[in-house]
Structure formats: structure tokens, C-alpha cells
């Protein structure tokens, strides 16, 4: 009877220790994950989501992890290594949110709408940036991001070895590549608004040259505002579709 209880205690301890190791990575990633780790969510909600995600990820990855003895020294080592790994894999996804925010900021600056409701919300974004960001988050969750996030966390153990310090050189190379792609994607998404801004300014220049007595600013301001809103109405579905395709392509092959 005592031997059976000792075995049960040993299995419970091993399960809890393994779950804690996985939770360290999942919890760190949850801080910066898109949608699931937004600032508008309370810490309690994030904690519950982290525990739920851990319960999904742990059974898939624990058989491949050589767990050390549950000592304080091993816990501190796991806390450092797994937290760094979790933050890194979470930031790789967070960059896609930064890309859509960059697109909104470029679009607003190009069309002179940067100061319209610019201070509204948690992030200091213009109105176009808020519309695109919230729409992107809603679209992401509507397409089953919680399932994809669990699969991504499982795959992260192939990208970064558990309980090992990440290679700084590899992290720097991947981070530089992903940040460059983030800015490229953001500018590409805002390209219609940049083109509209160029055509608008060229047109105003021609009109001002032809009729110097006309106050082109009074005529042009309503036109660019209406044009920007109309462009947002027409291009937002395409922008969000392209952005979602980039996110899904990364989730399908994060090693590229």
C-alpha cells in the first residue's frame, strides 16, 4: 500500500514538474501573443489562458523532454531558459501586429488623418491604425488562432531546444530577418494610401500652378479625407486578407 502511494506521489510530482517547465515557456509567450496577450485582457484571463494552453501543449512535448531533477537550481535554470524561449517565439508572432499598426500609421500620415482620434485606445495609433488592428485581431480569432497558437507552441520545441539557452547569433539573425519582413509587409499593406497621397499632391500642385489665386488647401482637405475613407472601405478587406495570409504562412513554416 505504501509502495503504491509512493509511486502515485512520484507520478504526480513528475507530472507537475513537467507541466511547470512547459508553463514557463507558454506563460512567457502569452505575454506578447497576438489577441491572446493583448493589454486589454486582465492578468487573470491571461493566466487562465496560459494554464489552458499548457494543458494542451504539455502532453505533446513532455515525452521528448529529458526532465532534470526537481531542484531549486534546475528550476532557476528552467525559468531563465524557457522564459527567454517563450518571449522569443511570442515576439515572432507579435511582429505581425506591429506590421498592421505600421501600415495604419503610414496610411494615416499619407492621407493627413494621423491626428483624428490619434490618442484613443491603449496604443497611440491613428484612427486607421485602430480600425485595421482591431479588425485583424478579430479576423485572427475568427479563423481559429487559439488552435494555431497551440500548434505553434508545440513546434517551438523543435525550433528552440528545451532547457537550453538560445544561440544569440541565431536569434539575432532570425530577429533581423523577421523585423525586416515586418516593415516590408507594413509598407506593402499601406501602398494604396501612399499612391493616393502622391497622386493627390501632384494634382494639387498642377491646380495651384494653373490657378494660383485658388486656395487649393480648402478644396483639397475634404477631398483627401473623403478619398482616404473611401480607400479604407475598398482596400481594408484586401489588406486584412493579405495580412492573414502572411500570418498563416508563417505559422505553417516558422523555420523559413
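Given a Förster distance of 25 angstrom, what is the FRET efficiency for residue 226 paired with residue 135, based on the Cβ-Cβ distance and rounded to 0.05? Show your work: numbers first, answer last.
Numbers: r = 21 Å, r/R0 = 0.83.
Using R0 = 25 Å, I get an efficiency of 0.75.
To the nearest ten degrees, helix 145-159 and the longest principal axis of the Cα atoms of the chain are 60 degrees apart. Across all Cα atoms of the chain, the radius of gyration (one decimal) and Dmax (whole number) stand at 24.1, 100 Å. If I stretch the segment between residue 161 and residue 69 completely, what's the gain in nm (0.36 nm per residue apart, minus their alpha carbon distance), one decimal? Fully extending the segment from residue 161 to residue 69 adds 31.3 nm. By the count of neighbouring beta-carbon atoms within 10 Å, fewest first, 184, 133, 111 end up ordered 184, 133, 111.
In the range 152-239, inverting the average of 1/r over every pair of distinct C-alpha atoms gives 17.2 Å as the Kirkwood radius.
Percent of C-alpha pairs per 10 Å bin in the range 131-192, short distances first: 17, 30, 38, 14, 1. Taking a point 7 angstrom from the Cα of residue 13 along the C-beta vector, which residues in the range 68-100 have backbone N less than 18 Å away? From the range 68-100, the list is 68-76. The long axis of helix 216-252 is offset from the longest Cα principal axis of the chain by roughly 30 degrees. Taking the 0 to 90 degree range and rounding to the nearest ten, how far is the long axis of helix 2-32 tilted relative to the main principal axis of the chain, both from C-alpha atoms? Around 10 degrees separate the two axes. Using a cutoff of 8 angstrom between alpha carbon atoms and counting only pairs six or more residues apart, the relative contact order for the range 136-256 works out to 43 percent.
A short reminder: the numbers here are calculations on the coordinates, not readings from a lab. The model shown is predicted, which means the values in this text are computed figures rather than measured ones. Note: ideal-geometry Cβ built from the backbone for every residue, glycine included; neighbour counts use all protein chains shown.
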